[in-house]
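The values are calculated or read from the model by the stated rules, or taken from the named source; none is laboratory data. The model shown is predicted, which means the values in this text are computed figures rather than measured ones. Here the Cβ is made from the backbone with ideal geometry for all residues, glycine too, and neighbour counts use every protein chain on show. We work out accessible area using only protein heavy atoms, side chains counted, and drop any ligands, DNA or RNA first. Shrake-Rupley method; radii C 1.70, N 1.55, O 1.52, S 1.80 Å.
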Amino acid sequence: MITNTELEIKGNLFPGKIISFSQIVDKINFTTENGVILQVTIIRGSVVRFRYATDNNFEKDFSYAISDKGARGYSELEVKDLEDQYEIITKKIIISIAKANISVKISDREGNVICKDDWGFHWEQSYEYGGNIVKMSKSAPQGECYYGLGDKPMHLNLKGKRIENWATDQYAFGKDQDPLYKSVPFYIGMYEERAYGIFFDNSFKTFFDFCNERRNVTSFWAHGGEMNYYFFYGPNMQDVVTRYTDLTGKPELPPLWALGYHQCKWSYYPESKVKEVTTKFRDLRIPCDAIYLDIDYMDGFRCFTWNKEYFPDPKRMVEELAEDGYKTIVIIDPGIKIDDEYSVYQEAMENDYFCKRADGPYMRGKVWPGECFFPDFTNPEVREWWAGLFKELIDEIGVKGVWNDMNEPAVMEVPGKTFPDDVRHNYDGNPCSHRKAHNIYGTQMARATYEGIKRFAYPKRPFVITRSAYSGAQRYTSSWTGDNVATWEHLWIANIQAQRMSMSGMSFTGSDIGGFAEHPTGELYARWIQLGVFHPFCRTHSSGDHGNQEPWTFGEEVIDVTRKYVELRYQLLPYLYTMFWEYAEEGIPMLKSLVLYDQLDPQTHYRTDEFVFGNQILVCPVQEPNAKGRRLYIPRGNWYNYWTREYAKGGMEQWVDADLDTIPIFIKEGAIIPKYPIQQYVGEKKIEELKLEVYYKLGNKEVSKVYEDAQDGYDYAKGRFSLRSFAFTGKENEIIIQQHKNGTYITEYERMKIEFIGLPFAVGEIEIDNVVVSLNDLKYDEKNNTVVVPKDFTELHIVAK
Ligand code: MIG
């Protein structure tokens, strides 16, 4: 166990002076007199890998996190052999490596120091396990800020914190509790408004210290493996995140319905209960796309079986639900019941697919089914087998998505709540103990699940949701934040966690709306749904122990609030889908914490509550009971209050009214926000018209995009998508909207309804593609300030009277 004073412990070893240097294309090795090798790999001008060996000996290079689709290739670089140091110069940064002790300093091309070693790499040998406890320390100038690291339920800015990454089932976790379910060893540092990132790609238990132990030092270390980290230069924080996401992989587009509203509970059973819930949503006109079956749908919690008493004919039920617009999603846990009569168990035994202890016995642990064995998802053959198990669920029964829980992996009633350290794993041909495989186990399970659904759902798109994750999991799965609690503090936590996951490359995340443990008041539920509809994944879930958590259990007022916000989410689907497309294409985080949105404004560096949904919608939840509004910070620029349409100047804190049916939302001026009509589920209606809400801005062009496609399937990869870019230009007596179209997908609708908001003049004349069209023909509605135009215009001029 590493203690608070670990850096002071004697027994730390340090690299000596450099005795040789070699370069093979973009890999540069520095060897020290005491057998340390630093290998620097220039991946891109602003992405560099640092890898350290001791005893002149690197491990086999293998990582589950790194995507083979990321941008690679030859990067320009120059190496200089100077008196006291080597300098590696890339297009974006200068890396200096001291000859005396291989300490590293990274500067931008103007010479500003971005990040430099304090003690740099050092290590302790581990007699107990072999290998090293590898450590890195960097100097932390005063004023440096830190962000990222996945699901940590603490202040967005991590300065002053010590963090541990060890995936853990933390039922009813609390604020500042650490570690939780996920392990994303990636952080963003920012000093003097220049941001950089560090991804410590080491799957052992890792620690990060942000000026907690020593005021001027940040450090990170691991209980085994290599000191192996990637450095990302910004200076723009969003670019740091996109580069990290490019390296660790981007998701595919989910089916559009997965961005709808989901309803869950532990558990909905029997079938009549499921139907009662789904029918009630339709009766109350609250849109909903997905219904979840938790562990009780199974026969004795055996994965891939059904309890035939509760669900006599799953195929028929799933079909009937589908007719009503519902996609059925079922839970699948990793624990396989020890039961000679159970085919999944038999197959795994026959093929030797279960994890074993160091000396040969199976890894036996108690979970929901009772005593279980656990597949070794780090074995590619096991993943292949696991994927095949989904045939019946997906292909025959018609289930549309799978929910992977307990994959930290969680074990009941044992110390540490997980496997013991000595459990063996294949680790894709790099056999190792659980110490190394623990943090990636959940991701490999989700990966195998994803492969299975994709195989059997094809040509439809798969949907997976996981509780545990390591960096790179975003390639396969969405996630939720685990077993939270129905308290106001947890609403604050949910807001932070969703933002933090977004800046950690895993945007497709949400919390259990209303809280999993305990029971929310109607007011808390209403405030939570208002926030939840602005999270990329939007699902109500609860343990069911303390009463029901469907919107109607809280009375009329909360039903109305829920309907209003879920309807808003469905209207904003084209906006949300476009956000997802930007994330899938470029790795752009879907939620932008204020600091990520405007890092040049120091006011944003310690803000937690406000965030930008996509690029143009500012959201700030009300997180206290009995509130009639709240103070919040509007980032620089000009905005419109979405509800009152009043103009709001940014760059200052202000009070905003927000009764129970209102969450403060602001739209950036110049934005064009696309909306679909309200539907009860995705695909319920033919979309007759795309609505565009145009928020007037005087001056420079503002660009808004709308991405659309068939909403499922892979035709989009063949160019069958529709990407509309709108450029808005506002003058005192005229506005111009230019449209540029890409892709071959023909949208269902033929026309667009445009609403002008904040227009400083009355509309006199409208020109479409240089032809004046009568306001009558455009169904000009003076009261609502709307016109209807053909969808494929290239240029609109709206001129004052
Ligand atoms: O030990 O499947 O986080 O969402 O409802 C509890 C039952 C197991 C924990 C999950 C929760 C789920 C519950 N599971």
(message) I'm a student and want to see the number: the projected area of the Cα convex hull of the range 454-560, averaged over all directions, in nm².
(response) 7.7
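According to the Cα gyration tensor, what semi-axes, each the square root of 5 times an eigenvalue, does the equivalent ellipsoid of the range 544-613 have, listed from largest to smallest in whole Å?
Working through the eigenvalues yields semi-axes of 31, 18, 12 Å.
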(message) At 222 nm, what value in deg cm²/dmol follows for the chain if DSSP H runs of at least 4 each add -39500 (n - 2.57) and the sum is divided by all its residues, to the nearest 500?
(response) -5500 deg cm²/dmol
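Keeping every protein chain present and rolling a 1.4 Å probe, give me the accessible area per residue for the range 301-380 in Å².
Value for the range 301-380: 43 Å² per residue.
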(request) Just name one of VAL330, VAL274, ILE286: the one whose Cα is farthest towards the positive end of the charge dipole of the range 234-336 (beta-carbon charges, Lys/Arg +1, Asp/Glu -1). (result) ILE286
(request) Step through the residues of the range 519-533 one at a time and calculate ³J(HN,Hα) from phi using the Karplus curve (6.51 cos²θ - 1.76 cosθ + 1.60, θ = phi - 60°), rounding each to whole Hz and writing x for Gly and Pro. (result) 10, x, 6, x, 5, 5, 4, 4, 5, 6, 5, 4, 7, x, 5
(request) Calculate one ³J(HN,Hα) per residue across the range 726-738 by plugging θ = phi - 60° into the Karplus curve 6.51 cos²θ - 1.76 cosθ + 1.60, and present them in order as whole Hz with x for glycine and proline. (result) 10, 10, 9, 10, x, 10, 5, 10, 6, 10, 10, 10, 9
(message) Considering only protein heavy atoms and a probe of 1.4 Å, how much of the accessible area of the range 687-800 is carbon and sulfur, as a whole percent?
(response) 47
(request) Please give every one of the aspartates and glutamates within straight-line cross-link reach of LYS91, meaning a C-alpha to C-alpha distance under 12 Å, and leave out same-chain neighbours fewer than 8 residues apart. (result) GLU76, GLU78, ASP108, GLU110
(request) Name the long-range amide H neighbours of GLY713: under 5 Å, sequence gap of 5 or more, or other chain; modelled H, no Pro or chain starts. (result) ARG461
(message) Leaving out ligands and nucleic acids, and using a 1.4 Å probe, what accessible area per residue does the range 687-800 come to in Å²?
(response) 46
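For the range 8-248, what does the accessible surface come to per residue with a 1.4 Å probe? Please give it in Å².
38
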(message) Could you check the spin-label model distance between ARG751 and LYS391? Points 7 Å from the Cα along Cα→Cβ, value in nm.
(response) 5.2
(message) For the chain, take every pair of Cα atoms, bin their distances at 20 Å starting from 0, and report each bin as a whole percent.
(response) 16, 47, 31, 6, 0
(message) Suppose each label sits 7 Å from its Cα in the direction of the beta carbon; what would the LEU82-GLU413 distance come out to in nanometres?
(response) 6.4
(request) Mark the label point 7 Å from the Cα of ASP359 along Cα→Cβ and return the residues of the range 413-444 whose backbone N is within less than 18 Å of it. (result) 420-425, 433-434
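Counting only protein heavy atoms and a 1.4 Å probe, tell me what percentage of the range 8-248's accessible area is made up of carbon and sulfur.
Answer for the range 8-248: carbon and sulfur cover 43 percent of the accessible area.
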